[in-house]
Amino acid sequence: MATEVSPKDAVELTSSSASYSPDNPAPLIEPPRARTRRTPRSTRTNFELYGWLFMRLSGVVLVVLVIGHLLIQLVLDGGVTKVGFAFVAGRWASPFWQYWDLAMLWLAMLHGGNGLRTIINDYAEQPNTRVWLKTILFTAVAFTIALGSLVIFTFDPNIR
Amino acid sequence: MSTPTLDKHSSALDAAEVTGTHLIAITLRVRRFNPEVSAEAEWVDYQIQVDPKERVLDALHKVKWEIDGSLTFRRSCAHGVCGSDAMRINGKNRLACKTLIKDVSPEKPITVEAIKGMTVLKDLVVDMDPFFQAYRDVMPFLITTGNEPTRERLQSAADRERFDDTTKCILCAACTSSCPVFWNDGQYFGPAAIVNAHRFIFDSRDEGGEQRLEILNDKDGVWRCRTTFNCTDACPRGIEVTKAIQEVKRALITRRF
(Lines give C-alpha, C1' and ligand atoms only; values in the text may rest on other atoms or scores of the structure.)
Protein backbone atom coordinates (compact mmCIF):
# COMPACT_ATOMS: atom_id res chain seq x y z
CA MET A 1 0.00 0.00 0.00
CA ALA A 2 1.58 3.21 -1.15
CA THR A 3 1.67 5.63 1.70
CA GLU A 4 3.96 8.55 1.48
CA VAL A 5 4.51 11.40 3.83
CA SER A 6 4.65 14.86 2.38
CA PRO A 7 7.80 16.87 3.07
CA LYS A 8 5.77 19.18 5.27
CA ASP A 9 5.08 16.29 7.59
CA ALA A 10 8.41 16.50 9.33
CA VAL A 11 7.98 18.97 12.16
CA GLU A 12 10.73 21.53 11.81
CA LEU A 13 12.08 23.37 14.76
CA THR A 14 12.33 27.07 14.11
CA SER A 15 14.56 29.26 16.18
CA SER A 16 11.61 30.70 18.11
CA SER A 17 10.16 27.32 19.02
CA ALA A 18 13.35 25.28 19.37
CA SER A 19 13.38 25.77 23.12
CA TYR A 20 10.05 23.99 23.68
CA SER A 21 10.40 20.53 25.16
CA PRO A 22 8.40 18.18 27.39
CA ASP A 23 9.79 20.10 30.36
CA ASN A 24 9.10 23.46 28.81
CA PRO A 25 5.91 23.17 26.76
CA ALA A 26 4.58 26.01 24.65
CA PRO A 27 1.54 27.91 25.92
CA LEU A 28 -1.72 26.16 25.08
CA ILE A 29 -4.07 27.69 22.51
CA GLU A 30 -6.65 29.22 24.83
CA PRO A 31 -10.19 30.17 23.79
CA PRO A 32 -11.39 33.65 24.76
CA ARG A 33 -12.59 33.90 28.37
CA ALA A 34 -12.62 30.22 29.28
CA ARG A 35 -15.31 29.06 31.64
CA THR A 36 -14.28 28.32 35.19
CA ARG A 37 -16.09 26.69 38.06
CA ARG A 38 -17.17 30.09 39.38
CA THR A 39 -18.40 31.56 36.09
CA PRO A 40 -20.83 32.56 34.79
CA ARG A 41 -21.94 34.37 37.90
CA SER A 42 -25.66 34.26 38.56
CA THR A 43 -27.38 37.64 38.60
CA ARG A 44 -30.98 36.51 39.23
CA THR A 45 -32.61 39.23 37.19
CA ASN A 46 -34.94 39.15 34.22
CA PHE A 47 -33.06 41.89 32.35
CA GLU A 48 -32.07 39.72 29.41
CA LEU A 49 -35.58 38.28 29.15
CA TYR A 50 -37.14 41.75 29.02
CA GLY A 51 -34.42 42.91 26.62
CA TRP A 52 -35.16 40.01 24.27
CA LEU A 53 -38.90 40.62 24.45
CA PHE A 54 -38.46 44.38 23.95
CA MET A 55 -36.51 43.76 20.74
CA ARG A 56 -39.37 41.71 19.27
CA LEU A 57 -42.18 44.03 20.33
CA SER A 58 -40.41 47.30 19.47
CA GLY A 59 -39.39 45.79 16.13
CA VAL A 60 -43.02 45.18 15.19
CA VAL A 61 -44.08 48.68 16.26
CA LEU A 62 -41.10 50.26 14.47
CA VAL A 63 -42.06 48.62 11.19
CA VAL A 64 -45.36 50.54 11.28
CA LEU A 65 -43.84 53.80 12.58
CA VAL A 66 -40.86 53.89 10.21
CA ILE A 67 -42.70 52.85 7.06
CA GLY A 68 -45.40 55.44 7.85
CA HIS A 69 -42.71 58.07 8.45
CA LEU A 70 -40.91 57.25 5.21
CA LEU A 71 -44.17 57.33 3.21
CA ILE A 72 -45.13 60.74 4.57
CA GLN A 73 -41.68 62.27 4.24
CA LEU A 74 -40.45 60.83 0.97
CA VAL A 75 -43.28 59.40 -1.13
CA LEU A 76 -46.70 60.97 -0.62
CA ASP A 77 -47.70 64.48 -1.67
CA GLY A 78 -44.75 65.61 -3.76
CA GLY A 79 -42.03 63.53 -2.20
CA VAL A 80 -38.88 64.76 -0.52
CA THR A 81 -38.97 68.23 -2.13
CA LYS A 82 -41.77 69.38 0.17
CA VAL A 83 -39.79 68.72 3.36
CA GLY A 84 -38.65 71.99 4.89
CA PHE A 85 -38.91 73.98 8.09
CA ALA A 86 -42.52 74.86 7.36
CA PHE A 87 -43.45 71.23 6.67
CA VAL A 88 -41.95 70.03 9.97
CA ALA A 89 -43.51 72.92 11.85
CA GLY A 90 -46.88 72.07 10.34
CA ARG A 91 -46.68 68.43 11.36
CA TRP A 92 -45.49 69.12 14.89
CA ALA A 93 -48.42 71.47 15.42
CA SER A 94 -50.42 68.28 15.96
CA PRO A 95 -49.75 66.27 19.16
CA PHE A 96 -50.40 63.08 17.18
CA TRP A 97 -47.29 63.58 15.04
CA GLN A 98 -45.34 64.80 18.05
CA TYR A 99 -46.02 61.54 19.85
CA TRP A 100 -45.47 59.52 16.65
CA ASP A 101 -42.00 61.01 16.31
CA LEU A 102 -41.33 60.72 20.04
CA ALA A 103 -42.25 57.02 20.01
CA MET A 104 -40.12 56.48 16.93
CA LEU A 105 -37.16 58.24 18.54
CA TRP A 106 -37.33 56.29 21.79
CA LEU A 107 -38.03 52.90 20.27
CA ALA A 108 -35.46 53.24 17.49
CA MET A 109 -32.73 54.42 19.87
CA LEU A 110 -33.43 51.76 22.50
CA HIS A 111 -33.87 49.03 19.88
CA GLY A 112 -30.68 49.97 18.08
CA GLY A 113 -28.82 50.56 21.35
CA ASN A 114 -29.81 47.17 22.73
CA GLY A 115 -28.88 45.53 19.43
CA LEU A 116 -25.44 47.14 19.52
CA ARG A 117 -25.09 46.11 23.18
CA THR A 118 -25.59 42.46 22.24
CA ILE A 119 -23.15 42.84 19.34
CA ILE A 120 -20.55 44.32 21.70
CA ASN A 121 -21.15 41.45 24.14
CA ASP A 122 -20.72 38.96 21.32
CA TYR A 123 -17.67 40.43 19.63
CA ALA A 124 -15.59 42.39 22.15
CA GLU A 125 -13.01 40.02 23.58
CA GLN A 126 -11.45 42.04 26.40
CA PRO A 127 -13.61 43.01 29.40
CA ASN A 128 -12.12 46.52 29.23
CA THR A 129 -13.05 46.92 25.58
CA ARG A 130 -16.59 45.88 26.42
CA VAL A 131 -16.91 48.40 29.24
CA TRP A 132 -15.60 51.27 27.13
CA LEU A 133 -17.63 50.47 24.03
CA LYS A 134 -20.78 50.15 26.12
CA THR A 135 -20.07 53.39 27.97
CA ILE A 136 -19.75 55.23 24.65
CA LEU A 137 -22.89 53.52 23.34
CA PHE A 138 -25.03 54.34 26.39
CA THR A 139 -23.83 57.94 26.43
CA ALA A 140 -24.68 58.36 22.74
CA VAL A 141 -28.12 56.76 23.18
CA ALA A 142 -28.97 58.85 26.25
CA PHE A 143 -27.75 62.07 24.58
CA THR A 144 -29.72 61.46 21.38
CA ILE A 145 -32.91 60.54 23.23
CA ALA A 146 -32.65 63.55 25.55
CA LEU A 147 -31.88 66.01 22.74
CA GLY A 148 -34.60 64.61 20.48
CA SER A 149 -37.24 64.67 23.20
CA LEU A 150 -36.26 68.21 24.14
CA VAL A 151 -36.61 69.41 20.54
CA ILE A 152 -39.97 67.70 20.03
CA PHE A 153 -41.49 69.30 23.14
CA THR A 154 -39.87 72.73 23.03
CA PHE A 155 -40.14 73.24 19.28
CA ASP A 156 -41.04 76.82 18.47
CA PRO A 157 -42.36 77.41 14.93
CA ASN A 158 -41.71 81.17 15.29
CA ILE A 159 -38.05 80.73 16.10
CA ARG A 160 -36.86 83.20 13.43
CA MET B 1 -33.25 -31.29 -3.86
CA SER B 2 -31.81 -28.05 -2.67
CA THR B 3 -29.21 -26.45 -4.81
CA PRO B 4 -25.90 -25.85 -3.10
CA THR B 5 -25.29 -22.16 -2.91
CA LEU B 6 -22.09 -22.22 -0.92
CA ASP B 7 -19.64 -21.63 -3.74
CA LYS B 8 -21.96 -19.57 -5.87
CA HIS B 9 -21.79 -15.81 -5.42
CA SER B 10 -24.83 -13.66 -5.85
CA SER B 11 -24.48 -10.91 -8.41
CA ALA B 12 -24.70 -8.33 -5.61
CA LEU B 13 -21.78 -9.94 -3.80
CA ASP B 14 -19.78 -10.08 -7.03
CA ALA B 15 -20.40 -6.39 -7.58
CA ALA B 16 -19.41 -5.68 -4.03
CA GLU B 17 -16.17 -7.60 -4.45
CA VAL B 18 -15.30 -5.88 -7.69
CA THR B 19 -15.67 -2.44 -6.17
CA GLY B 20 -14.83 -3.56 -2.66
CA THR B 21 -11.10 -3.01 -2.84
CA HIS B 22 -11.23 0.09 -4.95
CA LEU B 23 -8.79 2.43 -3.26
CA ILE B 24 -8.36 6.08 -4.05
CA ALA B 25 -5.56 8.45 -3.18
CA ILE B 26 -6.58 11.23 -0.82
CA THR B 27 -4.80 14.03 0.95
CA LEU B 28 -5.64 14.29 4.62
CA ARG B 29 -4.76 17.79 5.81
CA VAL B 30 -4.60 17.72 9.61
CA ARG B 31 -4.11 20.76 11.82
CA ARG B 32 -1.47 19.60 14.24
CA PHE B 33 -0.39 21.21 17.48
CA ASN B 34 2.20 19.92 19.88
CA PRO B 35 3.01 22.27 22.76
CA GLU B 36 6.18 20.33 23.44
CA VAL B 37 7.53 21.18 20.00
CA SER B 38 6.09 24.48 18.87
CA ALA B 39 3.77 27.23 20.05
CA GLU B 40 2.17 27.33 16.60
CA ALA B 41 -0.37 24.93 15.20
CA GLU B 42 0.36 23.89 11.61
CA TRP B 43 -1.32 22.10 8.74
CA VAL B 44 0.29 18.78 7.81
CA ASP B 45 -0.62 16.85 4.64
CA TYR B 46 -0.76 13.05 4.53
CA GLN B 47 -1.16 11.26 1.20
CA ILE B 48 -2.86 7.93 1.77
CA GLN B 49 -4.81 5.28 -0.13
CA VAL B 50 -8.26 4.62 1.26
CA ASP B 51 -11.52 3.07 0.26
CA PRO B 52 -13.97 5.94 -0.32
CA LYS B 53 -16.62 3.96 1.55
CA GLU B 54 -14.49 4.08 4.68
CA ARG B 55 -14.81 6.80 7.26
CA VAL B 56 -12.59 9.76 8.07
CA LEU B 57 -11.77 7.97 11.34
CA ASP B 58 -10.34 5.05 9.33
CA ALA B 59 -8.14 7.50 7.43
CA LEU B 60 -6.94 8.99 10.73
CA HIS B 61 -6.23 5.48 12.02
CA LYS B 62 -4.24 4.74 8.88
CA VAL B 63 -2.12 7.83 9.47
CA LYS B 64 -1.65 7.07 13.17
CA TRP B 65 -0.93 3.37 12.76
CA GLU B 66 1.14 3.45 9.57
CA ILE B 67 2.66 6.90 9.13
CA ASP B 68 2.91 8.97 12.29
CA GLY B 69 2.07 7.46 15.66
CA SER B 70 2.22 10.85 17.34
CA LEU B 71 -1.04 11.98 15.71
CA THR B 72 -3.40 12.46 18.65
CA PHE B 73 -7.18 12.29 18.60
CA ARG B 74 -10.00 10.96 20.76
CA ARG B 75 -12.15 8.04 19.79
CA SER B 76 -13.73 5.34 21.81
CA CYS B 77 -16.59 3.30 20.36
CA ALA B 78 -15.91 4.41 16.75
CA HIS B 79 -19.57 3.92 15.87
CA GLY B 80 -21.24 7.24 16.61
CA VAL B 81 -22.44 6.45 20.11
CA CYS B 82 -19.80 7.65 22.57
CA GLY B 83 -19.38 11.11 21.02
CA SER B 84 -15.63 11.43 21.57
CA ASP B 85 -14.42 12.05 18.02
CA ALA B 86 -16.19 15.26 17.11
CA MET B 87 -13.88 17.30 14.91
CA ARG B 88 -14.00 19.95 12.21
CA ILE B 89 -13.88 18.15 8.87
CA ASN B 90 -13.77 20.42 5.80
CA GLY B 91 -14.85 23.26 8.06
CA LYS B 92 -17.92 21.50 9.46
CA ASN B 93 -18.27 19.86 12.84
CA ARG B 94 -18.88 16.16 12.39
CA LEU B 95 -18.13 12.84 14.04
CA ALA B 96 -15.12 11.32 12.25
CA CYS B 97 -16.67 7.87 12.77
CA LYS B 98 -19.91 8.79 10.96
CA THR B 99 -18.43 10.72 8.04
CA LEU B 100 -17.61 8.72 4.91
CA ILE B 101 -14.63 9.72 2.80
CA LYS B 102 -16.79 9.82 -0.34
CA ASP B 103 -19.05 12.44 1.24
CA VAL B 104 -16.32 15.00 1.96
CA SER B 105 -15.04 15.62 -1.61
CA PRO B 106 -12.00 13.29 -1.49
CA GLU B 107 -10.65 14.70 -4.78
CA LYS B 108 -9.59 17.77 -2.81
CA PRO B 109 -7.54 17.74 0.41
CA ILE B 110 -9.76 16.80 3.36
CA THR B 111 -9.08 19.20 6.22
CA VAL B 112 -9.34 17.90 9.76
CA GLU B 113 -8.90 20.15 12.79
CA ALA B 114 -9.89 20.31 16.43
CA ILE B 115 -13.32 21.69 17.32
CA LYS B 116 -13.27 25.44 17.86
CA GLY B 117 -13.77 27.47 21.01
CA MET B 118 -11.97 25.19 23.43
CA THR B 119 -8.35 24.96 24.50
CA VAL B 120 -6.37 22.74 22.14
CA LEU B 121 -4.24 20.35 24.20
CA LYS B 122 -2.64 18.43 21.35
CA ASP B 123 -3.54 17.92 17.68
CA LEU B 124 -7.28 17.13 17.69
CA VAL B 125 -7.69 16.82 21.46
CA VAL B 126 -9.28 19.77 23.25
CA ASP B 127 -9.93 20.50 26.90
CA MET B 128 -13.59 19.55 27.36
CA ASP B 129 -13.80 20.75 30.99
CA PRO B 130 -15.58 24.06 30.26
CA PHE B 131 -18.08 22.16 28.13
CA PHE B 132 -18.84 19.64 30.89
CA GLN B 133 -18.88 22.44 33.49
CA ALA B 134 -21.71 24.10 31.54
CA TYR B 135 -23.44 20.72 31.34
CA ARG B 136 -23.17 20.22 35.12
CA ASP B 137 -24.42 23.75 35.78
CA VAL B 138 -27.87 23.00 34.33
CA MET B 139 -28.30 20.05 36.74
CA PRO B 140 -28.84 17.25 34.20
CA PHE B 141 -30.44 14.79 36.61
CA LEU B 142 -33.93 14.01 37.91
CA ILE B 143 -35.03 16.37 40.69
CA THR B 144 -38.10 15.42 42.69
CA THR B 145 -39.69 16.21 46.05
CA GLY B 146 -41.54 14.06 48.55
CA ASN B 147 -41.12 10.40 49.34
CA GLU B 148 -39.59 7.97 46.92
CA PRO B 149 -42.33 6.09 45.09
CA THR B 150 -42.42 2.35 45.68
CA ARG B 151 -42.67 1.69 41.97
CA GLU B 152 -41.69 3.12 38.63
CA ARG B 153 -42.50 6.79 37.96
CA LEU B 154 -45.10 6.41 35.23
CA GLN B 155 -45.35 8.72 32.25
CA SER B 156 -47.70 8.82 29.30
CA ALA B 157 -46.38 8.25 25.80
CA ALA B 158 -47.31 11.83 24.92
CA ASP B 159 -45.38 13.20 27.90
CA ARG B 160 -42.37 11.12 26.92
CA GLU B 161 -42.64 12.36 23.35
CA ARG B 162 -42.40 15.97 24.55
CA PHE B 163 -38.65 15.75 25.21
CA ASP B 164 -37.77 12.74 23.06
CA ASP B 165 -35.58 14.71 20.66
CA THR B 166 -33.24 16.03 23.34
CA THR B 167 -32.68 12.61 24.95
CA LYS B 168 -30.56 11.69 21.92
CA CYS B 169 -27.64 13.93 22.90
CA ILE B 170 -24.28 12.13 23.19
CA LEU B 171 -22.34 15.16 24.52
CA CYS B 172 -19.92 15.23 21.60
CA ALA B 173 -19.74 19.07 21.72
CA ALA B 174 -20.22 19.36 17.95
CA CYS B 175 -23.05 21.86 18.50
CA THR B 176 -21.45 23.97 21.22
CA SER B 177 -18.17 24.24 19.31
CA SER B 178 -20.02 25.27 16.13
CA CYS B 179 -21.72 28.19 17.89
CA PRO B 180 -20.22 31.60 16.98
CA VAL B 181 -21.38 33.08 20.29
CA PHE B 182 -19.48 30.34 22.15
CA TRP B 183 -16.36 30.89 19.99
CA ASN B 184 -16.18 34.48 21.16
CA ASP B 185 -17.31 34.03 24.74
CA GLY B 186 -16.90 30.76 26.56
CA GLN B 187 -19.16 32.02 29.35
CA TYR B 188 -22.23 31.23 27.22
CA PHE B 189 -23.73 27.91 28.33
CA GLY B 190 -23.81 26.69 24.74
CA PRO B 191 -26.35 24.58 22.85
CA ALA B 192 -25.44 21.22 24.41
CA ALA B 193 -26.07 22.39 27.98
CA ILE B 194 -29.40 23.93 26.95
CA VAL B 195 -30.41 20.74 25.11
CA ASN B 196 -29.74 18.71 28.26
CA ALA B 197 -31.62 21.21 30.40
CA HIS B 198 -34.51 20.95 27.93
CA ARG B 199 -34.50 17.18 28.38
CA PHE B 200 -35.40 17.63 32.09
CA ILE B 201 -37.37 20.90 31.95
CA PHE B 202 -39.97 19.23 29.72
CA ASP B 203 -39.96 15.91 31.57
CA SER B 204 -43.30 15.53 33.37
CA ARG B 205 -41.66 13.50 36.18
CA ASP B 206 -39.12 16.19 36.99
CA GLU B 207 -39.72 19.02 39.47
CA GLY B 208 -36.52 21.02 39.03
CA GLY B 209 -37.59 22.77 35.83
CA GLU B 210 -38.03 26.08 37.60
CA GLN B 211 -34.44 26.05 38.92
CA ARG B 212 -33.05 25.15 35.51
CA LEU B 213 -35.06 27.88 33.80
CA GLU B 214 -33.74 30.33 36.38
CA ILE B 215 -30.16 29.31 35.54
CA LEU B 216 -30.75 29.66 31.80
CA ASN B 217 -32.53 33.02 32.26
CA ASP B 218 -29.22 34.63 33.16
CA LYS B 219 -27.16 36.85 30.92
CA ASP B 220 -25.07 33.94 29.64
CA GLY B 221 -28.10 31.68 29.20
CA VAL B 222 -30.57 31.16 26.37
CA TRP B 223 -30.91 34.89 25.56
CA ARG B 224 -27.44 34.92 24.01
CA CYS B 225 -28.62 32.51 21.31
CA ARG B 226 -28.69 34.27 17.92
CA THR B 227 -30.54 31.41 16.18
CA THR B 228 -27.85 30.91 13.54
CA PHE B 229 -28.78 27.20 13.35
CA ASN B 230 -25.09 26.16 13.29
CA CYS B 231 -25.86 23.77 16.15
CA THR B 232 -28.76 22.09 14.35
CA ASP B 233 -26.58 21.65 11.26
CA ALA B 234 -23.71 20.25 13.30
CA CYS B 235 -25.59 17.73 15.45
CA PRO B 236 -24.60 14.20 14.39
CA ARG B 237 -27.75 12.84 16.06
CA GLY B 238 -30.07 15.13 14.12
CA ILE B 239 -31.39 16.85 17.23
CA GLU B 240 -33.25 20.06 16.41
CA VAL B 241 -31.02 22.01 18.77
CA THR B 242 -32.13 25.52 17.87
CA LYS B 243 -35.77 24.46 18.25
CA ALA B 244 -35.01 23.14 21.74
CA ILE B 245 -33.35 26.44 22.68
CA GLN B 246 -36.35 28.37 21.36
CA GLU B 247 -38.67 26.16 23.40
CA VAL B 248 -36.72 27.00 26.54
CA LYS B 249 -37.02 30.71 25.66
CA ARG B 250 -40.75 30.28 25.15
CA ALA B 251 -41.07 28.49 28.49
CA LEU B 252 -39.31 31.42 30.18
CA ILE B 253 -41.60 33.95 28.48
CA THR B 254 -44.81 32.07 29.27
CA ARG B 255 -43.67 31.47 32.84
CA ARG B 256 -43.21 35.22 33.32
CA PHE B 257 -46.36 36.44 31.54
Rounded percent of accessible protein surface that carbon and sulfur make up, the protein assembly as shown, 1.4 Å probe:
59
I'd like to know which of B:104, A:102, B:216 lies farthest towards the positive end of the charge dipole of the protein assembly as shown, counting +1 on Cβ of Lys and Arg and -1 on Cβ of Asp and Glu.
A:102
Suppose a student asked you for the relative contact order of the range A:47-154, using Cα pairs under 8 Å spaced at least 6 residues apart; what percent would you report?
31
Considering only B:37, B:195, B:112, give the residue with the highest GNM mean-square fluctuation for chain B, with springs between Cα atoms whenever their separation is below 10 Å.
B:37
For chain A, the per residue accessible area (1.4 Å probe, Å²) is 68
Phi to ³J(HN,Hα) by Karplus 6.51 cos²θ - 1.76 cosθ + 1.60 over the range B:150-159, Hz, x for Gly, Pro:
7, 9, 3, 7, 7, 8, 6, 4, 5, 5
Rounded to the nearest whole number, the Stokes-Einstein translational diffusion coefficient of chain B at 20 °C and 1.002 mPa s (Kirkwood radius, C-alpha pairs) in µm²/s is 103
If I fit a long axis through the Cα atoms of helix B:11-20 and take the longest principal axis of the Cα atoms of chain B, what angle between them do I get, 0 to 90°, rounded to 10?
90
Provide the per residue accessible area, probe 1.4 Å, for chain B, rounded to a whole number of square angstrom.
47
Using alpha carbons only, how many angstrom separate the centre of the range B:71-120 from the centre of the range B:54-68?
12
What helix-only [θ] at 222 nm does chain B give? Using -39500 (n - 2.57) per DSSP H run of at least 4, over all residues, to the nearest 500, the answer is -8500 deg cm²/dmol
Note down the Stokes-Einstein diffusion coefficient of chain A in µm²/s, whole number, using a Kirkwood radius over alpha carbon pairs, 37 °C, and 0.692 mPa s.
152
Once you've got the GNM for chain B with C-alpha springs shorter than 10 Å, pick whichever of B:234, B:78, B:41 has the biggest mean-square fluctuation.
B:41
List the residues whose amide H sits under 5 Å from the amide H of residue B:126, counting only those 5 or more places along or on another chain, with H placed 1.01 Å from N in the peptide plane.
B:121
For chain B, size of Cβ-based charge dipole, Lys and Arg +1, Asp and Glu -1, in debye:
540
Taking every other residue with Cβ under 14 Å from the Cβ of residue B:160 and scoring Lys and Arg +1, Asp and Glu -1, one gets -2
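For the range B:129-256, what is the convex hull volume of the alpha-carbon atoms per residue, in Å³?
110
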Distance in nm between label sites at residue B:227 and residue A:41, each 7 Å beyond Cα in the beta-carbon direction?
3.2
Once phi is turned into θ = phi - 60°, what whole-Hz ³J(HN,Hα) does the Karplus curve with 6.51, -1.76 and 1.60 give for every residue of the range B:184-190, x standing for Gly and Pro?
8, 8, x, 6, 4, 4, x
When the Kirkwood radius is taken over all Cα pairs of the range B:21-81, what Stokes-Einstein diffusion coefficient follows at 37 °C and 0.692 mPa s, in µm²/s?
256
I want the local charge near residue A:128. Using Cβ-Cβ distances under 14 Å, sum +1 for each Lys or Arg and -1 for each Asp or Glu among the other residues.
+2
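Please compute the average number of Cβ atoms from other chains found within 10 Å of each residue's Cβ in peptide A:40-51.
Whole-number average of other-chain Cβ neighbours for A:40-51 is 6.
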Karplus-derived 3J(HN,Hα), 6.51/-1.76/1.60, for each residue of the range A:52-68, Hz, glycine and proline x:
5, 5, 4, 4, 5, 5, 5, x, 5, 5, 5, 4, 5, 4, 6, 5, x
Over chain B, cysteine residues that find no other Cys C-beta under 4.7 Å are B:97, B:169, B:172, B:179, B:225, B:235
Using protein heavy atoms only (no ligands, DNA or RNA), what is the total accessible area buried between A and B, 1.4 Å probe, nearest 100 Å²?
4300
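The values are calculated or read from the model by the stated rules, or taken from the named source; none is laboratory data. Everything numeric in this text was worked out from a predicted model, so none of it was measured. Virtual Cβ from ideal backbone geometry, glycine too; neighbours counted across all protein chains shown. For accessibility, only protein heavy atoms count, side chains too; no ligands or nucleic acids. Shrake-Rupley method; radii C 1.70, N 1.55, O 1.52, S 1.80 Å.
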